[in-house]
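Quick one: the structure is below, questions incoming.
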Amino acid sequence: EQRPPNLLVILVDDQRNDTLGCAGHPVIKTPHIDRLARQGVRFTHAYVNTPICMASRATIFTGLTETGHGYTGGGPPAIPVQVGDVDRSFPVLLRKAGYRNGYYGKQHVKFAEGTKVALQRMFDDHRVYGGGPHWVKQPDGTKRHSAEVIGDRSVEFLRAQPKDRPFCLYMSFNIAHARDDDHRPGIGHFPWPKAVDGMYEDIEPAPPRLGAPKYFEMQPEFLKKSLNRVRWFWRWDTPEKYRINMRAYFRMLSGMDGVIGRVQEELERQGFGENTVVIYTADNGFYMGERGFAGKWSHYEESLRVPLILFDPRLKKEARGKVHPELVVNTDLPPTMLELAGVEIPAIYQGASLVPFLRGTPQGWREDFFTEHHSSNKLL
């Protein structure tokens, strides 16, 4: 009798679609993620409904767009995720189906019933780290990077996992989000795990393709005065600052890749490798100086487009390594997980399951999608 698969969900912060080795990036080294792409399927045109951490993460929990769940962190509608939406969230439904769930890392969503109560309903075990400082103080007084601590907790979760029960492990990284309260170039603004100290120090980052001043001048006034421009002055406004911060950003992603590799090794060690589906994606994209911007928040490709890899060890050999150009959105992730687990998908969900891509039978796929962003900030 075929058992339902285990699920490993890997969510990255502020990573756009082209910043992986498997996506053709000429510098970034991500061997463990690249292996998932070689053995699974990769989507070249994956997008988010709302390009901001909190709304996007709420969408993945609930299967609803920002207007659907109402939470963005500031500005209308800005209401906490409601109890009914938590009832229909993919973690709650998986637990009802017998899954043991673990969640480690950045959380960033507020719930009407209280965050602690909601997380206890969704997960058997959870530890929240970030979006504050990337460094987590240990009992002995030392500090470890939050990505490494997420790896520690994930390994512990797998070692405690009963062999006769399916699990869903959610690794929610704060990498590669910059420290908005520390503008010192390099390790101050983009803190990387110590394991990748010195990496990329000898490379010269390519300038942004749309970095010439004329592209900024083409923007509407409200974008010229937005937080996207404020953050550009923090990160990219001089050649030296750009060089230092890009190297640091690359280090963060490679450091995270190393953590993912450690968890993959534990999956194999515990005997879960042959029945664990891995989903790798990000909560939003990232401006690296394009159009004179930094951050995300707006409607351009750099802000909305994210990596997405699905790895299913049960795939036949001829189905591995496929690259799909179809338009997919983060609303598609919850129904995908529920279909994989054999759980009924709530009718209120606003996405479509990606399982047909694993089976080689996608038909009549979307030609467009809806994007929105309701949060607002004080203009320059």
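Could we say that ILE309 is more than 21 Å from the chain's Cα centre (by Cα), buried (at least 19 other Cβ atoms within 10 Å of the Cβ) and of a type outside the set (D, E, K, R) here?
no
While we're looking at this one, here's another question. Taking the criterion of being crowded, with 18+ Cβ neighbours inside 10 Å and under 27 Å from LEU93 (Cα atoms), would at least one residue in region 191-199 satisfy it?
No: region 191-199 contains no residue that is crowded, with 18+ Cβ neighbours inside 10 Å and under 27 Å from LEU93 (Cα atoms).
Looking at GLU302, GLU290, GLU318, which one is out of contact with any strand residue (DSSP E or B) (no Cβ under 7 Å at 6 or more places or on another chain) and crowded, with 21+ Cβ neighbours inside 10 Å?
GLU290
Here's the yes/no breakdown for (1) of a type in the set (Val, Ile, Thr); (2) more than 28 Å from TYR104 (Cβ to Cβ); (3) not in a helix (DSSP H, G or I):
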site	(1), (2), (3)
TRP232	no, yes, no
ILE244	yes, yes, no
GLU268	no, no, no
GLY271	no, no, yes
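Check whether at least one residue in region 215-230 is in a loop (DSSP other than H, G, I, E, B) and among the aromatic types (Phe, Trp, Tyr), and report yes or no.
For region 215-230, residues in a loop (DSSP other than H, G, I, E, B) and among the aromatic types (Phe, Trp, Tyr): absent.
Taking ASP180, is it in contact (Cβ under 8 Å) with a residue 40 or more places away in the chain and either open to solvent by 30 Å² or more (accessible area, probe 1.4 Å) or farther than 21 Å from TYR280 by Cα (or both)?
For ASP180, the condition - in contact (Cβ under 8 Å) with a residue 40 or more places away in the chain and either open to solvent by 30 Å² or more (accessible area, probe 1.4 Å) or farther than 21 Å from TYR280 by Cα (or both) - is met.
ASP164 - would you say it is under 20 Å from ILE52 (Cβ atoms) and surrounded by fewer than 16 Cβ atoms within 10 Å (Cβ to Cβ)?
Considered against the rule, which asks whether it is under 20 Å from ILE52 (Cβ atoms) and surrounded by fewer than 16 Cβ atoms within 10 Å (Cβ to Cβ), ASP164 comes out as no.
Another question, then. Every residue in region 328-348 that is open to solvent by 30 Å² or more (accessible area, probe 1.4 Å) and in a loop (DSSP other than H, G, I, E, B), please.
Once the filter is applied, which keeps residues that are open to solvent by 30 Å² or more (accessible area, probe 1.4 Å) and in a loop (DSSP other than H, G, I, E, B), region 328-348 yields GLY342, GLU344, ILE345, ALA347, ILE348.
Still on this structure, I have one more. Give the residue that is surrounded by the fewest Cβ atoms within 10 Å (Cβ to Cβ), with candidates limited to residues of region 84-132 that are in contact (Cβ under 8 Å) with a residue 40 or more places away in the chain and among the hydrophobic types (A, V, I, L, M, F, W, C).
By that ranking, first place goes to ALA97.
Listed here are the residues, each with its yes/no results for (1) assigned to a loop (DSSP other than H, G, I, E, B); (2) more than 25 Å from ASN228 (Cα to Cα); (3) over 20 Å from the mean Cα position of the chain (by Cα).
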position	(1), (2), (3)
SER298	yes, no, no
LEU315	yes, yes, yes
GLU326	no, yes, no
GLN350	yes, yes, no
SER353	yes, yes, no
PRO356	no, yes, yes
PRO362	yes, yes, yes
GLU372	yes, no, no
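The values are calculated or read from the model by the stated rules, or taken from the named source; none is laboratory data. Since this is a predicted model, take the numbers as computed values, not measurements. Virtual Cβ from ideal backbone geometry, glycine too; neighbours counted across all protein chains shown. Side chains included, ligands, DNA and RNA excluded: accessible areas come from the protein's heavy atoms. Shrake-Rupley method; radii C 1.70, N 1.55, O 1.52, S 1.80 Å.
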